[in-house]
Structures are given as C-alpha cells and as structure tokens.
Amino acid sequence: MALPLKHLYLLVLCIMLVSAVPLVPRAIDRNFPIPIAGMTWHEILDCLGIFALSMQTFITYYAHLQANKSKKEEKISATKLLPIILSITLMIEGHGIHWSCNAIHRTFNPGNEWKNNKNTLYTLTYFLDEILGHFLLFAGIAISCLLLILIEPQQDLQMEPQPKTLKWYFNILLFYSLSIGLSITMFAAGVEGQCAKTVIIPWCIAIFTCKIQSFCFQRSNIINFYNSTINFFCICAICALLWLMLWGYLFGWHFPEFRVLGLGPFSTWIGQFIKFISSKMFFVK
C-alpha cells in the first residue's frame, strides 16, 4: 500500500471518529463522571478527536506534497503549506465555537430541542452551536479534502496489476468500506449539522466536477481512472450527494435533523439499535 494512501485511510478514520463522538452513550458520564461541573466525556473525546484530525490532515497533505516533489526540490516551501494551514485553522475555529457553545446549550437546554424562546441567550447560543460552529467545522474539513484531491500523488495514478491474493481482496474491502463509511459520515454530518445545502452538497459537486474534469482532460484510459488512489472520494461524494438529494426531496428540501423526526440525539442511537436487535432476535421487550 502506498504511503499517501495509508495516510488517507487514517484521515478518513479520524473524520469518522470525530463525527461519531455524539454516539458515545451518556451512561459513561454517570458511571465515570468528570470532576468539573457541566463537563462530560463527549467534550473530552471531542477535543482529542479534533487534535488527531488536524494533525492527520496536515500529515496527509505533507505526504502528498512529498510524493509530488521533484528531485530538484530540496524542501517544501511554506507557501505550499499555507492552504492546508488555513483550512485546518477554519476547522479548529468552527470546532472551538461549537464545542464551547454546545456545552452551554446542553446545560440550559438539554437535547437542544427547538423552543419558542426569543431570549437572546437562547437564540445566540443556538446559532453559534448548531449553525455557525457546524458550518465552519465542516467547511474546513471539506476544503481540506478538496486540497488533497487537487494535489493527488501522480505516481499513484497508474498502479501495476497485482495478483488476486487474500491480501488483495482485503485491501479492496478496506478501500471501499472506508469509502462508503466516509460517505455515510458526511451525509449524517450534513443533515444533523444543518449544513447539507451550504457545505456538503457543494462539496460533493466540487469533487465530482474535479474528478470528471481530470478524467476527461488528463486520462485517456478508463483503467487509469479507477486505479487512482483518491478516486474513492469521488465515489463518496456521489453516494453522499444521492443520499442528501433523496432526503431533501422526501422532506421538501428542508433536511430536518434526525432528532426533529423523533429519532432522538445521537447518544441514544446505539442503545436503541441494541434494543431493536434484541427485540427481534431474542423477543426481549
């Protein structure tokens, strides 16, 4: 497996783990409480997750630059690192706003339900938590992904045929599992983060356009197109876009949050799923 591809896999896992933090059951806070009033394990894991995501984003971008570096270049200039630094800064800025305001919002309005309260404290905290924070966070992630696609390592575009061994099948399974996993993650983030129309759909269209343009004008062999290591971002983009378009169509293009549909906050989903499986398989009510 090429080194840039390994970094890309780790980056996708980081994105999925950060997005999955709200799935952590609240029971962990009751059994192992944090000795700070109002602080939960969600905030702790969220901080660790965004740190890992930021570092891995930069490492992946740097690995791609190294892979594309010519033999004449002794080192990578700071100007080439500036775009990814700006996108990571945007990501961290959004996460900081969301992280702090979410803790405040959860304290005086558990569940973040819509309330007909025109108090400035409610409306401002909701805006910073659920709208501005999410927008900046996922915009930073989306821009970082686009930058990685634009500097796709050229030597990975044409890979030599490999024997179809067990390792080959495992790599293919891992490749497409992470692809679909990223697609589902971005779809859920777009809906629950209320940035489907402002970030995720434009992100999908930008990636799709970028890859189609690359295929039409730079590659004449369709096999080379499928051998590109970052083309699964295109697959993810198409999957996420189709999901979001279908979701928007079914609900009048409003993209309602899952909790608005009565599915509850993310932190209860694992328990609900286990309860559902238990009731179906073991007839446990």
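The values are calculated or read from the model by the stated rules, or taken from the named source; none is laboratory data. Keep in mind that what you see is a predicted model, and the values were worked out from it rather than measured. FYI the Cβ positions are ideal-geometry reconstructions off the backbone, even for glycines, and counts take in every protein chain you see. The protein model used for the area step is the full one, side chains on, heavy atoms only, and it has no ligands, DNA or RNA in it. Shrake-Rupley method; radii C 1.70, N 1.55, O 1.52, S 1.80 Å.
Annotations for the structure displayed:
- Accessible area of GLU152 in the full protein assembly, 1.4 Å probe (Å², nearest 10): 10
- Rounded if a/c under 1.5, otherwise prolate or oblate - region 22-77, Cα gyration tensor axes: prolate
- Label sites at PHE108 and SER279, each approximated as a point 7 angstrom past Cα along Cα to Cβ, lie 3.7 nm apart.
- When each of the peptides 232-239, 171-178, 100-107 is scored by the mean number of other C-beta atoms lying within 10 Å of its residues, the order from highest to lowest reads 232-239, 100-107, 171-178.
- Subtracting the Cα-Cα distance of TYR169 and LEU121 from 0.36 nm times their residue separation leaves 11.9 nm of extension gain.
- Maximal additional length on extending the LEU146-ILE85 stretch stands at 20.6 nm, based on 0.36 nm per residue less the C-alpha distance.
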